[in-house]
Amino acid sequence: QVQLVESGGGLVQPGGSLRLSCAATGSIFGLSRMGWYRQAVGKQRELVATITSDGSTNYVDSVRGRFTISRDRAKNTVDLQMNSLKPGDTAVYYCNVQVLGDFFWGQGTQVTVSS
């Protein structure tokens, strides 16, 4: 079984920054792609950013240039640095990892951008 523990969410004013972290433990042999998704109230869950085992990254257009995804292969962690946050970034953010052919989700962490 794979366990994902997320941290770093919270309330921030527009223009502010937050850093999300996710640690993967358990049966993670074959861990490959790691990423972050988000789901706002009344909307479908959407991909925010992903990073492969060789470091290739992908971002949804709305966050490109503001968010940066990174991973520590030794610690099996993935971080999401979020800068210049906007109210539209408000959502529950979920960590997602691929282990061989399976995908696993974290419990989610709330990010609220409001003045």
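Within region 73-93, at least one residue is closer than 26 Å to SER115 by Cβ, touching a Pro at 6+ places or on another chain (Cβ under 7 Å) and aliphatic (A, V, I, L, M).
Under the condition of being assigned to a loop (DSSP other than H, G, I, E, B), modelled with pLDDT of 95 or more and open to solvent by 60 Å² or more (accessible area, probe 1.4 Å), which residue from region 85-108 is nearest to GLY35 (Cα to Cα)? Ranking the candidates gives GLN107 first. Among the residues of region 53-72, at least one is aliphatic (A, V, I, L, M), in contact with a helix residue (DSSP H, G or I) (Cβ under 8 Å, 6 or more places away or on another chain) and not in a helix (DSSP H, G or I). Exactly one residue out of VAL111, VAL48 is touching a Ser or Thr at 6+ places or on another chain (Cβ under 7 Å) and assigned to a strand (DSSP E or B): that is VAL111.
Residue check: is VAL48 closer than 20 Å to LEU100 by Cβ and either open to solvent by 70 Å² or more (accessible area, probe 1.4 Å) or among the β-branched types (Val, Ile, Thr) (or both)? Against the criterion (closer than 20 Å to LEU100 by Cβ and either open to solvent by 70 Å² or more (accessible area, probe 1.4 Å) or among the β-branched types (Val, Ile, Thr) (or both)), VAL48 does not qualify.
The values are calculated or read from the model by the stated rules, or taken from the named source; none is laboratory data. All values derive from a computational prediction rather than experimental measurement. All Cβ positions, even for glycine, are placed from backbone atoms using ideal geometry, and neighbour counts span all protein chains on display. Areas reflect the complete protein model, heavy atoms only, side chains present, ligands, DNA and RNA absent. Shrake-Rupley method; radii C 1.70, N 1.55, O 1.52, S 1.80 Å.
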